[in-house]
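Each remark here refers to the structure printed beneath this line.
Nothing in this text is a laboratory measurement; each read-out follows from the coordinates by a stated rule. Everything numeric in this text was worked out from a predicted model, so none of it was measured. Quick reminder, even Gly has a Cβ in these numbers, built from the backbone with ideal geometry, and neighbours come from all protein chains shown.
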Amino acid sequence: MRTQVGIVGAGPAGLVLSHLLHRQGIESVVIEARSREYCEERVRAGVLEQGTVDLLEEIGVGERMRREGLTHYGVNLRFSGRTHHIDFRELTGGRGIVIYAQHEVIKDLVKARLASKGQILFDVEDVSIRDFGETKSSAKPTILFRKEGEAQQLTCDFIAGCDGSHGICRPSIPDGVLTLFERVYPFAWLGILAEAPPSSEELIYAYHERGFALLSMRSPQISRLYLQCKPDENLVEWSDERIWEELHTRLATTEGWRLIEGPIIQKGVTGMRSSVVEPMQYGKLFIAGDAAHIVPPTGAKGLNLAVADVRVLARAFGEYYASGRQDLLEAYSKTCLRRVWKVQRFSWWMTSMLHLWENENAFDHRRQLAELDYVTSSRAASQTLAENYVGLPME
């Protein structure tokens with residue numbers, strides 16, 4: 001098999017990149033170890049920045065998102081029993097976010113790629129890559145894999161590693177090339193999906209002396225809620241009754257608001273960490289999305305950061321195939337990392353401001369309350385949060 005860009009991973013990064021390349025007349029093949037059903041049904045986060053929404057609409061995969069997604073123009077910060085609204089529309093010139101689950105985005109992208117006769121090879125095994133390291137080598141980058149038991153290889157001009165933090169692309173880069181920057185947080189999120197209409201029209205981020213809580217949603221009928229917990233939390237100890245009791249406590253307010261309960265249809269514990277690898281390229285291999293960086297979920301940035309990466313990469317490939325220019329490809333890592341680190345800063349800040357930390361004392365508690373008070377009472381501080389939440393410029 002032969003193509004121009006071989007893409008490992010059929011997540012948001014890989015599929016958006018493939019579709020962006022298609023629109024520029026550039027061939028690609030997407031290789032994915034998991035099944036199509038797994039990719040389209042695995043429930044992940046679903047807050048889309050304005051720039052991500054605009055891009056999905058621009059490339060023709062936004063119709064169902066606009067029809068079924070929930071458009072929000074603000075979020076709520078709740079502390080000391082009171083709710084404070086951050087008005088995105090007023091603070092950012094009319095920008096907002098859309099609540100639309102990641103697996104729904106995947107469905108739309110897969111459908112669009114297949115309708116354009118794009119190649120996505122699901123259920124492949126034993127994936128490996130070779131001959132990508134030397135930019136001046138005569139050997140072509142190659143992706144090796146097995147499909148239905150048959151050994152195959154895909155020869156290409158470039159490889160895009162969009163296979164996540166546990167994929168094969170990043171570990172294939174020789175030792176000593178990459179530098180890993182990482183922070184592991186001493187807490188996690190216990191998350192649930194509940195068959196209950198959301199108790200708020202917009203998200204609620206709550207700071208409480210018992211720990212952080214978040215009220216989110218997936219649809220007008222399904223609520224998504226989270227509680228700060230220990231990284232090694234035993235779910236067996238968390239009955240549905242205990243979860244709802246804790247949510248009532250941490251989300252409590254003096255304003256007459258009521259939390260709507262319903263049957264819990266899914267629960268799980270999500271660890272929290274921040275990581276970045278530099279550089280995001282080596283030879284003719286370019287890594288994007290979770291393969292290059294992880295953010296804690298507090299700022300809702302994972303999918304959006306992946307889309308921003310491949311937008312930069314698609315533009316660089318477009319210039320290369322149109323004119324032979326290589327400067328944008330050579331600058332890919334530097335261009336992306338400038339935005340990546342700003343997003344990491346915001347995600348760390350939101351996480352630090354809203355969670356309880358080990359060894360905190362009364363001083364730390366009062367300091368966090370003061371910071372929340374400042375963020376919600378200062379227009380400049382509110383605007384900073386709003387600008388970052390709806391999304392920094394793509395490039």
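Rounded to the nearest 500 deg cm²/dmol, what is the calculated helix-only ellipticity per residue at 222 nm for the chain, with -39500 (n - 2.57) per DSSP H run of length n ≥ 4?
-11000 deg cm²/dmol
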Hand me the trypsin sites (Lys or Arg not before Pro) from the range 188-295 located in a DSSP loop with no more than 10 other Cβ atoms within 10 Å, in residue order please. 258
To check my understanding: the extent here is largest minus smallest coordinate of the Cα atoms along each principal axis. What are those three numbers for the range 8-58, in Å, largest first? 28, 28, 13
Using the basic label-point model (7 angstrom from Cα toward the beta carbon), what is the residue 131 to residue 82 distance in nanometres? 6.7 nm
Suppose R0 equals 35 Å. What FRET efficiency, 1/(1 + (r/R0)^6) with r the Cβ-Cβ distance, do residue 71 and residue 257 give to the nearest 0.05? 0.95
Relative contact order for the chain: what is it in percent, counting Cα pairs under 8 Å that are at least 6 residues apart? 21 percent
Taking Cα centroids, how far is the range 70-132 from the range 266-336 in Å? 15 Å
Where both residues lie in the chain, what percent of DSSP beta bridges are antiparallel, nearest 5? 75 percent
For the chain, what are the DSSP H helices with axial Cα length of 24 Å or more and mean Kyte-Doolittle hydropathy of at least 0.0? 302-323
Taking the highest mean first, how do the peptides 155-165, 70-80, 114-124, 298-308 order by number of other beta carbon atoms within 10 angstrom per residue? 298-308, 155-165, 70-80, 114-124
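Count the net charge of all other residues whose Cβ sits under 12 Å from the Cβ of residue 69, scoring Lys and Arg as +1 and Asp and Glu as -1. Could you put the intermediate results ahead of the total?
Numbers: positive: 64, 66, 67, 218; negative: 57, 63, 68, 104, 108.
After counting each charged neighbour, the total is -1.
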Order these by the 10 Å Cβ neighbour count, fewest first: 363, 286, 317. 363, 317, 286
At R0 = 22 Å the Cβ-Cβ FRET efficiency linking residue 180 and residue 322, nearest 0.05, sits at 0.05
Take residue 151 and residue 2, extend 7 Å from each Cα along the Cα→Cβ direction, and tell me the distance between the two endpoints in nm. 2.2 nm
Would you please name the chymotrypsin sites (Phe, Trp or Tyr not before Pro) within the range 193-267 that are DSSP coil residues with at most 10 other C-beta atoms within 10 Å of their C-beta? none
For the range 27-142, what's the relative contact order in percent, using C-alpha pairs closer than 8 Å and at least 6 residues apart? 38 percent
Exposure-ranked with fewest Cβ neighbours within 10 Å first, 269, 236, 5, 310 stand as 236, 269, 5, 310
Could you calculate the FRET efficiency of residue 41 with residue 119 from 1/(1 + (r/R0)^6), where r is the beta carbon distance between them and R0 is 22 Å, rounded to 0.05? 0.55
Taking other Cβ within 10 Å of each residue's Cβ, how do 7, 59 sort, fewest first? 59, 7
Whether the chain is rounded, prolate or oblate, judged on the alpha carbon gyration tensor where a/c under 1.5 counts as rounded: prolate
